[in-house]
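The block underneath contains the structure these notes are about, expressed in structure tokens.
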């Protein structure tokens with residue numbers, strides 16, 4: 001699936017590794033002496049199901065809005081060298097962290113590749129598995145490890161990561177990413193506050209969600225005309241729909257973004273269609289297609305004009321998932337009233 005630039009380098013100025021070790025005892029970091037008199041810190045953090053030792057990054061590269069948003073939400077713009085933003089992403093000027101994007105380099109508007117991060121002299125790449133990192137394109141954590149470049153994967157995308165899979169609900173994956181990135185960049189307290197705020201907002205939506213034994217069936221339409229591309233249970237829209245009080249009609253698919261049949265959509269009779277809106281395939285075009293397609297024009301959602309537009313960066317793993325949740329929660333409550 002689809003899934004900046006300050007060059008200031010910060011180094012610990014403590015005079016001895018022993019003093020630094022005392023300072024870091026509380027956050028569980030390990031201390032590795034440098035060749036010189038200063039010291040460099042390392043922290044063991046999960047990368048999917050694998051425990052990896054990270055050195056605090058200074059030139060991170062983020063792939064897509066979800067990765068950059070996670071870093072910016074933790075106040076890490078000064079540690080981000082640049083970002084890679086393919087056409088599917090809406091303009092970064094629409095981001096709550098637009099000022100942070102403006103401080104860093106846009107390295108490419110194409111898919112992530114090894115050459116980009118090597119040329120950027122990156123010391124950390126943040127992306128998802130199969131939505132950034134890819135065997136086919138020759139950029140994987142294993143390949144970057146051999147080049148001495150650290151990598152971090154979205155926990156939500158670890159579902160089918162070869163060798164070290166990790167399965168969690170998408171929102172729990174978001175929280176885990178923020179906490180883990182907080183450990184890697186040694187801003188744990190900041191990460192804790194960000195996660196607590198997101199959880200509070202999620203709880204508020206859940207508390208107001210329509211209570212029904214038969215929640216409104218919702219179909220997420222990503223793309224596709226011959227066959228639709230949609231969301232299974234392992235991506236953020238599933239948690240958005242469920243927490244807001246609806247039911248993803250394909251929540252029984254233990255997959256991430258996946259292809260289904262129009263016959264399955266017709267059988268599900270969705271009462272709401274959530275449209276994933278992104279740069280090169282705008283929502284208006286998708287809605288027009290659904291209104292004329294013989295597979296969908298008679299669906300309850302289409303006949304009643306019940307379309308909810310979910311921004312691309314609200315649908316992929318990132319802090320804006322909660323923005324999407326709040327908007328969709330309000331939408332469902334309006335339908336119930």
Checklist entry - So how long is each side of the stretch 210-336 along the principal axes, counting just the alpha-carbon atoms, biggest first, in Å? => result 33, 32, 27
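For 143, 240, 273, 287, what's the fewest-to-most ordering of other Cβ within 10 Å of each Cβ?
Details: 143 14, 240 32, 273 24, 287 17.
Ordered from fewest to most neighbouring Cβ atoms within 10 Å, 143, 240, 273, 287 come out as 143, 287, 273, 240.
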Checklist outcome for this item: Shape call for the stretch 49-139, from the Cα gyration tensor axes a ≥ b ≥ c (a/c under 1.5 means rounded, otherwise prolate when a/b beats b/c, else oblate), comes out oblate
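Take every DSSP beta bridge whose two residues both sit in the stretch 17-199, then give the antiparallel share in percent to the nearest 5. All intermediate terms of the calculation are to be shown ahead of the outcome.
Values: 12 of 28 bridges.
In the stretch 17-199, approximately 45 percent of DSSP beta bridges are antiparallel ones.
Quote the FRET efficiency, to the nearest 0.05, computed for residue 199 versus residue 333 with a Förster distance R0 of 30 Å and r equal to the Cβ-Cβ distance. Kindly include the intermediate steps, with their values, before the conclusion.
Details: r = 20 Å, r/R0 = 0.68.
After rounding to 0.05, the efficiency reads 0.90.
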Checklist entry - Could the peptides 144-152, 241-249, 324-332, 290-298 be put in order, highest first, of the mean number of other beta-carbon atoms found within 10 Å of their residues? => result 241-249, 324-332, 144-152, 290-298
Checklist entry - Bin by bin, in steps of 5 Å, what percent of the Cα pairs in the stretch 99-167 do you find, going until the bin that has the longest distance? => result 3, 15, 27, 25, 17, 8, 4, 0
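Please say if the stretch 141-249 is rounded, prolate or oblate, where rounded means a/c under 1.5 for a ≥ b ≥ c the square roots of the C-alpha gyration tensor eigenvalues, and otherwise the choice is prolate for a/b larger than b/c and oblate otherwise?
Values: a/c = 3.13, a/b = 1.35, b/c = 2.33.
The shape class here is oblate.
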Checklist entry - For 106, 85, 274, what ranking results if the residue with the fewest other Cβ atoms within 10 Å of its Cβ goes first? => result 106, 85, 274
Item to check | Over the stretch 210-336, relative contact order from alpha-carbon pairs under 8 Å, at least 6 apart, % | outcome: 28
Checklist entry - Can you sort 194, 117 so the residue with the fewest Cβ neighbours within 10 Å comes first? => result 194, 117
Checklist outcome for this item: Whole-number value, in Å³ per residue, for the convex hull of the alpha carbons of the stretch 284-337 is 83
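How large is the helix-only mean residue ellipticity at 222 nm for the chain, computed as the sum of -39500 (n - 2.57) over DSSP H runs with n ≥ 4, divided by its residue count, in deg cm²/dmol to the nearest 500? Mind showing how you got there, number by number?
Values: 13 runs with 123 residues, N = 337.
Rounded to the nearest 500, the figure is -10500 deg cm²/dmol.
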Checklist outcome for this item: Distance in nm between residue 99 and residue 146 label points, each 7 Å along Cα→Cβ, equals 4.4
Item to check | At 1.002 mPa s and 20 °C, Stokes D of the chain from Kirkwood alpha-carbon radius, µm² per second | outcome: 103
Item to check | Packing rank of 195-201, 89-95, where each peptide gets the mean count of other beta carbons within 10 Å, highest leading | outcome: 89-95, 195-201
Checklist entry - Label residue 160 and residue 226 with points 7 Å out from Cα along Cα→Cβ: what is the distance between them in nm? => result 1.9
Checklist entry - What full-extension length gain, to one decimal in nm, is calculated for residue 135 and residue 304 as 0.36 nm per residue of separation minus the Cα-Cα distance? => result 56.5 nm
Checklist outcome for this item: Counting only DSSP beta bridges fully inside the chain, the antiparallel percentage to nearest 5 is 40
Item to check | Rg followed by Dmax, in Å, when the stretch 17-199 is reduced to its Cα trace | outcome: 16.0, 49
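Each value in this text was obtained by applying a stated rule to the coordinates, not by laboratory testing. Here the structure is a predicted model, which means the values were calculated and not measured. A quick note on method: Cβ atoms are made from the backbone with ideal geometry, for glycine too, and the neighbour counts reach across all protein chains shown.
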